[in-house]
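The values are calculated or read from the model by the stated rules, or taken from the named source; none is laboratory data. Nothing here was measured: the structure is a model prediction, and the numbers come from that model. Here Cβ is always computed from backbone atoms with ideal geometry, including for glycine, and neighbour counts include all displayed protein chains.
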């Protein structure tokens, strides 16, 4: 019986050893499966993390591309603006040069005309000289050193010419004093017909004459025989008599 038990134990030993080896094999497979599952999970997480990072990178890249596009547009505009500015500066330079030439021409004209006005002023009727005196005083004493602007000088010249034209285009009556043949100053009324002729008469109509422009001022010549006609002309000027044609002497120079 002992022998049978021993035989049975001996017979069971290989079976037990095989069972133990099977358990080790199953455990190894289980471990391998668990590691494979963990690896798959890690791969999935990595893929998910990468997808998230990729989306963020794509958005960042798109943002940078938009910014680069905007910068490119701005650079294009800057280039266009620079070209436009260069063209405008060239136009401004040309305009400046032409303006300088125009101002120089005005200055030359003003200098020449101012000299003519100063030379002609003493030949004008005394009332007209008095009328334009404020404007004449504004003419520069020395055109070469004056600080008056060319436009201002031109305005003064035009102002004087306007006064001359207004006087020359009308008949003007003034009270003046003229010396008679005895050298005495007599109060008379002087009727200027433009800048070409003038006629004077005193209140009693016993002193009358004509006036003509001369190089040193107006020259007065006594002509008592025209006193009544000049007096009538003065009355017609004042609307005291009906207008009619009158004959008055005229000297053409």
Worksheet item: Name the residues in the range 221-233 that are surrounded by fewer than 18 Cβ atoms within 10 Å (Cβ to Cβ) and touching a residue at least 40 places away in the same chain (Cβ under 8 Å), would you?
Response: 222
Fill in: Among (1) assigned by TED's automatic domain parsing to the domain that holds residue 100; (2) free of Cβ contacts under 8 Å to residues at least 12 places away in the same chain; (3) surrounded by 11 or more Cβ atoms within 10 Å (Cβ to Cβ), the one test that residue 159 misses
(2)
Item to complete: Kindly check whether there is at least one residue in the range 125-136 that is modelled with pLDDT under 95, outside any loop (DSSP other than H, G, I, E, B), in contact with a strand residue (DSSP E or B) (Cβ under 6 Å, 6 or more places away or on another chain) and within 22 Å of residue 249 (Cβ to Cβ).
Response: no
Worksheet, complete the sentence: In the set 63, 95, the lone residue that is at pLDDT below 80, more than 38 Å from the chain's Cα centre (by Cα) and exposed (fewer than 12 other Cβ atoms within 10 Å of the Cβ) is 63
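Before we move on, is residue 203 within 24 Å of residue 119 (Cβ to Cβ), without any contact (Cβ under 8 Å) to a residue 60 or more places away in the chain and assigned by TED's automatic domain parsing to the domain that holds residue 246?
It is false that residue 203 is within 24 Å of residue 119 (Cβ to Cβ), without any contact (Cβ under 8 Å) to a residue 60 or more places away in the chain and assigned by TED's automatic domain parsing to the domain that holds residue 246.
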